[in-house]
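Right, one structure below, let's go through it.
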Amino acid sequence: MTTASVTIDPAAPTRTPRRSKSDRRGIRSPYPSWFYIPAGVLYLIFFAIPTFSSFYFALTRWTLFSQTFIGFGNFVQFFQTPALTQGFVNTFIYGFVTSAAKVVIGLALALLLTGATFGRGYLRAVVFFPVLVSTVGVGLTFKALLNPFHGVVNQVLGFFHLPQPGWYTDPHLALLTVAGVDIWKGVGIATLIFMAGIVAIPSEYFEAARVDGAGSWNVFRNITLPLARPAMATVIILSLIGRLRSFDLIWAMTNGGPGFSSDVIASVIYKQYQAGFFGLSTAGNVILFLVVTAIMLPVQWFLNRREAEL
Amino acid sequence: MKFSPLRRALVATASVAAVALTLAGCSGFGSTGGNSGAKVTITYLTGNDAADTAQGKALIAGFEKKYPNVHVKMDTQPTGTQGDNLMKTKLSTKTMDNVFHYNSGSLFQALNPKTSMVDLSGESWVSDLDKNFKQVVSVDGKIYGAPLGTGSAGGILYNKKIYQQLGLSIPTTWDEFIANSKKIQSSDPSVTPILQSFGDTWTSQLLVLGDFANINKQDPNWAKNYTNNTGGAKYVNQPAFEGFQHTAEIVADGLVNKDYASMTNAQAMDALATGKAAQYPMLTSAMATVQQDEPDKINDIGVFPIPSPDAKYTSLTLWEPNALYIASTTTGDKLQAAKNFVAFANSPQGCTIQNQTGAAAGPYATSACKLPSNAPDFIKDVQNYIKEDKASPALEFLSPIKGPNLETILIAVGSQSTTATVGAQQYDQDVKAQAQQLGIKGW
Amino acid sequence: MTVTRAITTAPRGASGGLHPPRRPMTARRFARKYLIGIIAILVSIIVFLVPFIFILLQAAKDPKDAGLMGFDLPTTWQFWQNLVAVIQNNSYQVLAAFINSFILTIASVAIMVVFSAMCGYLLHRRRTRLNPLVNFLVLAGLIVPPAVVPTIWVLQGVGMFDTLPGMILIEATLGLPFSILLFRAFVATIPRELDEAAIIDGAGPMRLFFRVILPLLRPVVVTVVVVQAVAVFNDFTGPLYFLPSSANPTVQLTLYNFQSQSVSQYNLLFMNILLITIPPLIMYIFFNRQIVAGMTSGAVKG
């Protein structure tokens, strides 16, 4: 640790704390621009170049070594194939269902865990741990627990004479089942972020509300909820970005099945790649890029705007 | 600056790690080793399931005893669609093992053998090969593969005891087959008439792929038309459409087990062997499970072809054996060692090992290997159909095109998410995409 | 309102400032505190703990028991045998996979931390025309889904496809945006006066960064290391695409492939899952607090 007390020699040239935009003495600057280069090189080679070239390759029939330009043929094929269109729709469902659930459940849990609740420390630990566990492991475990005929869940349901659905074998349920497992795994982070947001609310606000005689629900609606909006924005954004792009849980649990009913664009990209249709796979990537950007920009704008209104 | 040394260490590690790993291009733990002294080392790639790995190990052990100056290192990888893609990727990035074990027929064609494999036409064992097999491992008259294991047949595996008990005879038309199934269901509701096992997705394809011999009998030009995109040879038209119809029909008629969506192939074979189910559209190679788990029941199971609507077309669909290939990146000493390894597999000693480690599912494709005398009864069934000329190879051995999404489409049809017509249309589109990707003319 | 400031400058108690102000205990308070707490604990056991207990039980059963997938105690405890069987399977593939995963994690996280710290630090300290561009690129890196097949094409071009070094560089690249954000946020808490002092003492840029700033960034370095290490270790789709052959398995791929190998041996499959859960568990036990602190300060500011 350097000394915190500073003696400034009046004779020495004064250095301004802020570097102005026109400062061009790069070599003498203690903040050299070349610090950007290591990360920049990696970013350029392994992220920027693939992303830019994907726009070209999506317009070709590609075998990794040769490509024939076919214009929008891949995109036409993508939207003409019902299986692929289903994946497109499923991506939205998966993204929004998981994000919405994480917001609601995360907020509820956060309220519980920042309030005076018995066993709070243990609860925090237990809620957050699934976040750290391997997705494949979670997928396989729940596949066993949700097995329609031998799984624990259905056996318990059967004991209470409740219907025992085919959780991941019923084409109508499969995607939602995987979404449910994803919520189980990811709610911990949402809770954590909400907890941070709630705790940051200065206690004076709560004191003032109590003095005014506000009940718990009013406190929640008029103080906690509005002031937790930054946290909510973060949860929504992080969750959407993550879930729109990922397919590992889907892959571990259903492989996109039964049939095509739980495919999302990301798993479609992989399946087309597996089949050797590299151009079509890359077209899927471009579509995913457009979908994510088209969703994230308005969402971000909307959430930031609400925040500014505060 | 208490943490400075630690920090420096961290940075040093990072930079060294980044630079060293990048430059050295080390290939991590578990990769192929280099030569050890005067020995020649070659690599052999096979599937990661228990049967393939056991067979690989036994072949290597026998081979290394005969050729003590050669060491063979075995690698494994998943089979199925993932394996198909891995094959293509490894060959195109020139990282394939010296010898590799893979399907013959259209899957072999998809690997671009002319550039990726070594021409083996001059080898001594070529003259022993069955004519049908030669066709499925050659391109432009050059032979690239040697058979490993027996061929198999795809039809309806059935429990002979149940058939005997109920006095059923082998159906020669599809309607008879359904009638038999309904009789089984009404006489004992606890016995499943027809098994489906979508827990292993590839099994959904049997009613379509196993029907091909019937189509071929009815229209011998179908395969050629299909490949060249002529003559209306599409799955949405008859006679090919019947496969899709059948897949939907057995479920709609309620003749299928309740847990069809999650049952696995192994569980299904188990149910068939123990009499909990009567019939199962499946490859005879699946009998290996019964051989392992319930060997005393293996002769309770027989096989008959998937019946055509018309008895005169009913034929058994045959799958040629897998093959051993040599990657074209193998040269010099390694090439000779690899050729010796391939030849060994089809030598008398190799044949004995094949008999011991592989479960026979049909006839051998080379006259050098003979089936063991205690081969199970169902193989005799297969041989009878071949003898009576009521058998022909599956479509993948007569045409290079196979759409990659067939199993998923059929699962959707079998789960009643899509109709048979829609499924057939989807598959025709899938076939078109594959044909275009392969650059076949006429598409 | 800068929530970050509130978090980082809030008084730190043993519980990190997450205690509400004290209020008198009434009957309603009591009900809320204890009743809801107990209900929550019960529900949490069913929802969150049962799956892990299930894994443990399955890992200790014999193949027949495990195949039944019930939630009961094993009839014969086979924990040790299962452990040995999994480790020995396929010539110690699981061990090779663990070593590969550790190398992958350590190398990519090390690269990520150093490179992104340099970036985040510069982003905050030096305002140039590059800043908006860099900020945009970081945001883009966070949002834009990686184009996988073109990345394979690039990797093949530099001869690193299906190699561990290639995977390391990819993981490092993918982790840069998030790490840069965290570093940028935290560097804000280090006063520039310290920079001044060091410069006046004669420190050049390298010394300033590595000897003065980086040590002070220790909390966020720990957070980034832990969060990214867990992410890389648990990454499944990355190796699925870029490290496909079994010559270089990672633990997630090994687990996934183990499904087909252990068709009738669920006990081994779950033992494998258990083994894979152990490193993150260790991370969690030791670094729980840092994860919480780091995530909240960086993430909420967003």
On average, how many beta carbons from a partner chain sit within 10 Å of the beta carbon of a residue in B:78-86? 4
Give me Rg over Rh for the protein assembly as shown, both radii from the alpha carbons and Rh done the Kirkwood way, two decimal places. 1.00
Within the range C:238-282: backbone nitrogen closer than 16 Å to the B:A61 label point (7 Å, Cα to C-beta): none
Using the Kirkwood formula on the Cα atoms of the range A:42-84, what hydrodynamic radius do you get, in angstrom to one decimal? 11.6
Answer with one residue from C:T173, C:V226, C:F79: the one whose Cα lies farthest towards the positive end of the charge dipole of chain C, charges on Cβ with Lys, Arg +1 and Asp, Glu -1. C:V226
How much net charge surrounds A:F277 when only other residues with a Cβ under 12 Å from its Cβ are counted (Lys, Arg +1; Asp, Glu -1)? +3
Give me the accessible area of C:M160, 1.4 Å probe, in Å² rounded to the nearest 10. 20
The number of Lys pairs in the range B:126-245 whose alpha carbons lie under 21 Å apart, excluding pairs fewer than 8 residues apart on one chain, is 12
With Rg and the Kirkwood Rh both taken from Cα atoms, where does Rg over Rh land for the range C:111-235? 1.03
Net charge around B:L166, counting only other residues with Cβ within less than 12 Å of its Cβ (Lys, Arg = +1; Asp, Glu = -1)? +3
So how strong a dipole does the protein assembly as shown carry about its Cα centre when Lys and Arg Cβ are +1 and Asp and Glu Cβ are -1, to the nearest 20 debye? 4660
Two decimals is fine: what is log10 I(q)/I(0) at q = 0.06 Å⁻¹ for chain B, from a Debye sum with one equal scatterer on every Cα and no solvent? -0.29
Return the FRET efficiency for the residue pair C:A85, A:F302: r is the Cβ-Cβ distance, R0 is 41 Å, and the value is rounded to the nearest 0.05. 0.15
If I take all pairs of Cα atoms in the range A:34-191, what percentage of them are more than 19 Å from each other? 73
Which FRET efficiency value, to the nearest 0.05, is calculated for C:M206 and B:Q292 with the Förster distance at 60 angstrom and r the Cβ-Cβ distance? 0.40
The range B:76-180 - Kirkwood radius from inverse mean 1/r over Cα pairs (Å): 17.0
Got a sec? What order do A:W34, A:W251 fall in by accessible area at 1.4 Å, biggest, i.e. largest, first? A:W34, A:W251
Toward the positive end of the charge dipole of the range B:252-344, about the Cα centre and with charges on Cβ (Lys, Arg +1; Asp, Glu -1), which of B:A311, B:L255, B:T330 goes farthest? B:T330
Modelled FRET efficiency - R0 25 Å, C:N135 with A:F55, Cβ distances, 0.05 increments: 0.65
Leading residue at positive end of dipole, the protein assembly as shown (Cβ point charges), from A:F118, B:L148, A:S99: A:F118
Heavy-atom accessible area of the protein assembly as shown with neighbours in place, 1.4 angstrom probe: carbon+sulfur share in percent works out to 61
Given the C-alpha atoms of chain C, compute the convex hull and give its volume per residue in Å³. 194
Find the accessible area per residue for the protein assembly as shown; the probe is 1.4 Å, ligands and nucleic acids are left out, and the unit is Å². 41
Student exercise, the range C:41-188 dipole from Lys, Arg, Asp, Glu Cβ charges, in Debye to nearest 20: 860
Charge tally in the Cβ shell below 14 Å around C:A231, where Lys, Arg are +1 and Asp, Glu are -1, C:A231 excluded: -1
Consider all pairwise Cα distances in the range B:156-255 and report the whole-number % of them above 21 Å. 43
Can you pull the mean other chain C-beta count within 10 Å for peptide C:272-284? 3
Under the helix-only model (-39500 (n - 2.57) for each DSSP H run of 4 or more, divided by the residues of the protein assembly as shown), the mean residue ellipticity at 222 nm, to 500 deg cm²/dmol, is -18000 deg cm²/dmol
Check: chain B dipole with +1 on Lys, Arg Cβ and -1 on Asp, Glu Cβ, in debye: 1520
Shielding by partners for C:231-244, please: the mean number of other protein chain Cβ atoms within 10 Å of each residue's Cβ. 4
Report the C-B buried area as the accessible area lost on both sides summed, probe 1.4 Å, in Å² to the nearest 100. 2700
Compactness check, the range B:289-429: C-alpha Rg relative to the 2.2 N^0.38 Å globular estimate gives 1.36
By DSSP, what percent of the beta bridges with both residues in the protein assembly as shown are antiparallel, rounded to the nearest 5? 60
Take every Cα pair under 8 Å in chain B that's 6+ residues apart, average their separations, divide by the length, and report that relative contact order as a whole percent. 25
Exposure rank, largest accessible area first [A:F52, A:F129, A:F78, A:F88; 1.4 Å]: A:F52, A:F88, A:F129, A:F78
Taking square-rooted eigenvalues a ≥ b ≥ c of the alpha carbon gyration tensor, is chain A rounded, prolate or oblate, where a/c under 1.5 means rounded and, failing that, a/b exceeding b/c means prolate? oblate
Reported to the nearest 10 Å², B:E407 has, with a 1.4 Å probe, an accessible area equal to 40
If you bin every alpha carbon distance in the range B:200-323 into 10 Å steps from zero, what whole percent lands in each bin? 11, 38, 34, 15, 2
Accessible area (Å², 1.4 Å probe, nearest 10) - C:W153: 90
Mind ranking B:S373, B:S127, B:S92, B:S367 by accessible surface for me, highest first, 1.4 Å probe? B:S373, B:S127, B:S367, B:S92
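The values are calculated or read from the model by the stated rules, or taken from the named source; none is laboratory data. Keep in mind that what you see is a predicted model, and the values were worked out from it rather than measured. Using ideal geometry, Cβ is built from the backbone for each residue, glycine included, and neighbour counts are taken over all protein chains shown. Areas reflect the complete protein model, heavy atoms only, side chains present, ligands, DNA and RNA absent. Shrake-Rupley method; radii C 1.70, N 1.55, O 1.52, S 1.80 Å.
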